[in-house]
Amino acid sequence: MISWLLLESAAGERGLPWRDDFLSPRERQHLERLRFPRRRQEWWLGRYAAKVLLSRAEPTLAARPFSAVEILPEGGGAPVAFVDDEPLPGVLSISHRAGLAFVAWQPAGGELGVDVELVEPRPSSFETDYLTAQEQEALTRVPDSQRALAVTLFWSLKEAALKALRQGLRLDTRQVEVNLPELGTGGQAWQSCVVINPALSRRWQGYWRGWGKAVLTVVTDLKEPQLEQVGYLVATESGWQ
């Protein structure tokens, strides 16, 4: 089982958080150290989304205040949830882009990474810099009308896989290879694919779906997990919708 939630800012990338009562003292200190408004907004959205997700996915947290759940970075920067100063069993992944925060929770532990990206054209240099030779060859068979979607999916699934490794973009994205089947319509249903890291003999299950002008991607070491959406929230200046 993988539980997931999406939070969207009605202001997109503009604006700053209007409340921090859901943060622990250590989380507030971290937020205050972030210099750039856009980074503060992304971090804030991701933390709030993650706490809503955990409160809905973990019955023991349903009655706990959000400030009792701390989400702190481990040594490599990946988020870890703590309750009463003890790590919460399971694995959490957070992604944010253009006013969207996409979060997922895998209570069984293991490897999990998620990403959210806007579908937009990218230059050919992007493909040669970040995609493997096999992925670039696969693009030659993609219709022009779906090329931006395909390139975005390659990139997003790679980011999710590197998060599953708890490494992020410190590793070369070409160390991860994505095997995409036919893209279909890019609609609202989850579609599956395979993601591998030959150097580490890793093979993951990948999933993706469209969401407006964006795509959501999940990479996990679980075989055929159930992906359960536990919420969709819109943040406005006055509250949540």
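If you count, for each residue, the other Cβ atoms within 10 Å and average over each peptide, how do 97-106, 78-87, 195-204, 156-165 line up from highest to lowest? Show your work: numbers first, answer last.
Numbers: 97-106: 24.2, 78-87: 13.7, 195-204: 15.5, 156-165: 26.0.
Order by mean packing, descending: 156-165, 97-106, 195-204, 78-87.
Only Cα pairs under 8 Å and 6+ residues apart enter the sum, and on that basis the relative contact order of region 116-218 stands at 29 percent.
Pairing the Cα long axis of helix 37-57 with the longest principal axis of the chain, what angle in degrees results, from 0 to 90 and rounded to the nearest 10? It is inclined by approximately 80 degrees. Between helix 147-164 and the chain there is an angle of about 50 degrees, using the helix long axis and the longest principal axis of the Cα atoms.
Quick one: length gained pulling A199 to Q29 fully straight, 0.36 nm per residue minus the C-alpha distance? Mind showing how you got there, number by number?
On the way: separation 170, 0.36 × 170 = 61.20 nm, distance 3.86 nm.
Length gained between A199 and Q29: 57.3 nm.
Within a straight-line Cα-Cα reach of under 24 Å, K223 can be paired with the following lysines, leaving aside sequence neighbours fewer than 8 residues apart in one chain: K158, K163.
Quick note: the coordinates plus some simple rules give every number you see, no bench work behind them. Treat the numbers as computed from the prediction; the structure is a model and nothing was measured. Using ideal geometry, Cβ is built from the backbone for each residue, glycine included, and neighbour counts are taken over all protein chains shown.
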